[in-house]
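The structure under discussion appears below in the form of structure tokens.
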Amino acid sequence: MDATTTATTDPGSMLHNNVDVTAKTKNDSYNVFRDSLLRYLGYANEVGESFRYQFPKLVRPSYVVAFGYCGMDALSTGYRVWNQQQQSPTTTPSKPNKQQQAIVAETFDTLVWQSLASVMIPGAIINILVKASRRAVSRSPITLPVILSKWLPTSVGLGSIPLIIHPIDNAVDYVMDNSIRMVLFDQEEKEKEI
């Protein structure tokens, strides 16, 4: 996976760049975890963090849903690579180890990217934003109505979701392109050149 592939297929970019998910090239295949409404499961923890102070018992389940989404997307990616290898006429019995490495590399890359860009980093940022806005509201010199002081931090958390997605996605792509992807995919590129 390169940065351009990830940037155009991750859930955040489809949501915020108005990418037409029905317009596929012949090399693309339908991915139920990125091309359907299931992609919103990746945002479950962000919504959970936003509602942390109103419904604290829903925060952990929201993370279970979001990490479940990440795992299923990674498994789906690994299966897709395996399936492409099975259908490829260039598959030879002498390369099963390299084929398995490609499957593991793609699966691992997707799992790490989704975990960082869809769950861990946005969850931490929204947690901090909600906590800071809650503290600011409680220390405000102006007496705010109870409903406003209760729901303003939640609104800040929910409102920040569309604003943080692209910078996080791009940062995770950059970091992974310059670290883990160099290790995971460098060997494959060298073998293609030979």
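The values are calculated or read from the model by the stated rules, or taken from the named source; none is laboratory data. Predicted, not measured: the structure shown is a model, and the values here were computed from it. For neighbour counting, all protein chains shown are included, and Cβ atoms are generated from backbone atoms with ideal geometry for every residue, glycine included. Accessible surface is based on the protein model in full, side chains and every heavy atom, while ligands, DNA and RNA are left aside. Shrake-Rupley method; radii C 1.70, N 1.55, O 1.52, S 1.80 Å.
Order 146-155, 39-48 from most to least packed using the mean count of other Cβ atoms within 10 Å. Please list the in-between numbers first.
Values: 146-155: 14.5, 39-48: 21.9.
Highest to lowest by the protection proxy: 39-48, 146-155.
Counting only protein heavy atoms and a 1.4 Å probe, tell me what percentage of the stretch 114-153's accessible area is made up of carbon and sulfur. Each step should come with its number before you reach the end.
Details: 1710 of 2480 Å².
For the stretch 114-153, the apolar C and S fraction of the accessible surface comes to 69 percent.
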- prompt: Hey, quick one: spin label on L144, modelled 7 Å out along Cα-Cβ, who in the stretch 47-83 has an amide N within reach, i.e. under 17 Å?
  reply: 50-55
- prompt: Once label points are set 7 Å from the Cα along Cα→Cβ at both L58 and V104, what is their separation, rounded to one decimal in nm?
  reply: 4.1 nm
query: Once the piece of chain linking I164 and R135 is laid out straight, how much longer is it, given 0.36 nm per residue of separation minus the C-alpha distance between them?
result: 8.4 nm
statement: Expressed in nanometres to one decimal, the distance between label points 7 Å along Cα→Cβ at S155 and L38 is 3.6 nm
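If you take the square roots of the eigenvalues of the alpha-carbon gyration tensor of the stretch 104-184 and sort them as a ≥ b ≥ c, do you get rounded (a/c under 1.5), prolate (a/b over b/c) or oblate? Don't jump to the answer; show the numbers that get you there.
Working: a/c = 4.20, a/b = 3.61, b/c = 1.16.
Prolate shape, in that a/c is at least 1.5 and a/b is the bigger ratio.
Please give the FRET efficiency for N178 paired with N97, using the beta carbon to beta carbon distance and R0 = 30 Å, rounded to the nearest 0.05. Working shown, then result.
Values: r = 27 Å, r/R0 = 0.89.
That pair, N178 with N97, gives E of 0.65.
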statement: Karplus ³J(HN,Hα) for the stretch 70-81 (6.51 cos²θ - 1.76 cosθ + 1.60, θ = phi - 60°; Hz, whole; x = Gly/Pro) runs 4, x, 5, 5, 5, 5, 4, 5, x, 5, 4, 5
